[in-house]
Each structure stands twice: as C-alpha cells, then as structure tokens.
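J.: Have a look at this one.
The values are calculated or read from the model by the stated rules, or taken from the named source; none is laboratory data. Worth saying up front: this structure is predicted, and the values here are computed from it rather than measured. Here the Cβ is made from the backbone with ideal geometry for all residues, glycine too, and neighbour counts use every protein chain on show. Accessible surface is based on the protein model in full, side chains and every heavy atom, while ligands, DNA and RNA are left aside. Shrake-Rupley method; radii C 1.70, N 1.55, O 1.52, S 1.80 Å.
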Amino acid sequence: MAAPRTAKRYVRDLRKLVTGLTGLGLSGGLGAVTSPMLVRHWLASSPSHVMGSRWLLLSVADATGAIPQPVVHSITGRLVKKVPKSTPIQPYTEGEWERLLEALRSVVAQAWSAHREARNLAAAGCHPAQGGLSRENVAWLLVREGPLSAEEFGVLAGARRRTSGRRCTCGRSRTPCIRRRSP
C-alpha cells in the first residue's frame with residue numbers, strides 16, 4: 001500500500017464489514033462467515049464497499065485459508081452490486097457554443113457598464129456622513145472602502161448603533177438596529 005488514501009479505504013471497508021456482519025449475527029471469526037450472510041450484507045451496501053470488502057476477504061482467503069471454500073466462491077463469483085454505468089454528457093454543438101459565448105459576453109459587458117457607471121457616480125459623490133445617502137455618495141464610499149457589511153457601512157455613513165432592548169423604530173426586530181445620527 002503506497003497511498004494513505006488506500007489504507008484509509010481499507011480500514012473504512014473493514015470496519016463496515018465487521019459492523020455489518022456482527023449485526024447479521026456473526027459471532028466467530030471469518031471461518032464462521034456464510035455466503036448468505038455476505039450477500040445480505042452486500043445488498044445493503046454501496047457498490048464501492050462491496051468491491052473493497054471483496055478485495056479484503058479475497059486477500060485474507062489467499063493469505064490464511066481461514067475463509068470456507070463456498071464463501072470464497074461467493075467472493076470471486078458474480079457481482080451482487082455493479083457500479084452503475086453513466087453516460088457521458090454530449091459535447092456542445094457549434095451553435096450552442098456560440099450562444100453560450102454570446103451570453104457570457106453580454107453578462108461581462110453589462111457588468112463593465114455597471115462598473116463604469118458606478119465609477120462615474122463616485123466621481124460626483126462625497127462621504128455619506130457629510131453629503132447624506134445618495135447613489136453618488138454610496139458609490140464614492142464603495143470606491144474608497146470596498147465592500148462593507150451593513151454595520152460597517154452604517155458606521156462610515158454616520159449612523160450610531162442603538163443598543164437598548166426595545167423594538168426598533170421599524171417594528172420588525174427586537175435586536176439593536178442602526179439609526180441615522182441627528183445633525
């Protein structure tokens with residue numbers, strides 16, 4: 001075993017195998033495992049676990065011979081659970097690629113347009129604590145400070161935090177809210 005992930009998978013599969021088989025009534029060692037017990041356990045397990053536990057049991061059978069021969073035939077026999085086959089997603093046609101690229105170009109163009117508009121608004125704005133709340137002043141603050149939380153914005157815009165336990169003036173919350181500072 002060269003990879004830690006492989007070792008972890010074997011440990012996971014071994015634990016699940018032991019837990020599952022003891023839950024089905026196995027009280028002895030691997031010599032007491034029966035084919036019906038194994039099949040019942042595998043039917044309740046994922047295809048990945050079935051394959052992992054098969055490899056583990058087959059390795060033990062080869063190394064020690066502790067597993068009865070009829071059980072070895074079950075281990076090496078037909079799969080109880082197969083890994084489901086998936087069909088690959090079909091590639092986009094040329095027309096679909098063109099529509100996708102055009103949609104992406106449109107989104108990027110709209111975003112740049114909104115960015116340019118915000119920069120132009122910011123050029124005409126000032127600090128919201130002095131000039132009040134307006135699109136221009138909010139854009140000005142965003143350009144200089146970057147994205148802000150509501151609380152950070154409130155502090156920079158000149159609001160003070162209300163900390164009394166009373167309901168705020170909007171009537172929607174019992175938690176402290178931000179109120180505009182009186183001039």
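J.: Tally Lys and Arg at +1 and Asp and Glu at -1 over the other residues with C-beta under 13 Å from the C-beta of ILE75: what net charge comes out?
T.: +1
J.: Accessible area, 1.4 Å probe, largest first: how do ILE67, ILE89 sort?
T.: The ordering from most to least exposed comes out as ILE89, ILE67.
J.: Show me the ranking of peptides 14-23, 109-118, 46-55 by mean Cβ neighbours inside 10 Å, starting with the highest.
T.: Packing proxy ranking, top to bottom: 46-55, 14-23, 109-118.
J.: Can I ask one more? Once the dipole of the chain is set up with Lys and Arg at +1 and Asp and Glu at -1 on Cβ about the Cα centre, which of PRO128, GLY25, HIS115 lies farthest towards its positive end?
T.: PRO128
J.: Can you list which of the DSSP-assigned H helices in the chain have a Cα extent of 20 Å or more along the long axis and an average Kyte-Doolittle score of at least -1.0?
T.: Those that clear 20 Å and a mean of -1.0 are 4-23, 47-64, 94-123.
J.: Stretched out fully, how many nm does the piece from ALA63 to GLU102 gain, at 0.36 nm a residue minus the Cα gap?
T.: Result: 7.8 nm gained on full extension.
J.: If you don't mind, another one. Please compute the contact order of the chain in relative form: average sequence separation of alpha-carbon pairs under 8 Å and at least six residues apart, divided by the residue count, as a percent. Show your work: numbers first, answer last.
T.: On the way: 144 pairs, mean separation 20.3, N = 183.
Taking the mean separation of contacting Cα pairs over the length of the chain, I get 11 percent.
J.: If you take every residue apart from LYS8 with its C-beta less than 14 Å away from the C-beta of LYS8, what net charge results, scoring Lys and Arg +1 and Asp and Glu -1?
T.: +4
J.: A further question follows. Say R0 is 22 Å: what FRET efficiency, to the nearest 0.05, do SER35 and ARG5 get from their beta-carbon distance?
T.: That pair, SER35 with ARG5, gives E of 0.10.
J.: Also, I was wondering about something else. Given the Cα-Cα distance of ARG135 and GLU94 and 0.36 nm per residue of separation, how much length would full extension add, in nm? Provide the component values of the computation, followed by the final result.
T.: Working: separation 41, 0.36 × 41 = 14.76 nm, distance 4.25 nm.
In short, 10.5 nm is gained.
J.: About its Cα centre, how strong a charge dipole does the chain have in debye, to the nearest 20, once Lys and Arg get +1 and Asp and Glu get -1 at the Cβ?
T.: Roughly 1040 debye for the chain.
J.: Could you tell me which of ALA66, ALA44, THR6 has its Cα farthest along the dipole of the chain towards the positive end, charges placed at Cβ (Lys, Arg +1; Asp, Glu -1), taken about the Cα centre?
T.: Farthest towards the positive end: ALA44.
J.: Where does the charge balance sit around CYS126 when Lys and Arg score +1, Asp and Glu -1, over other residues with C-beta under 14 Å from its C-beta?
T.: 0
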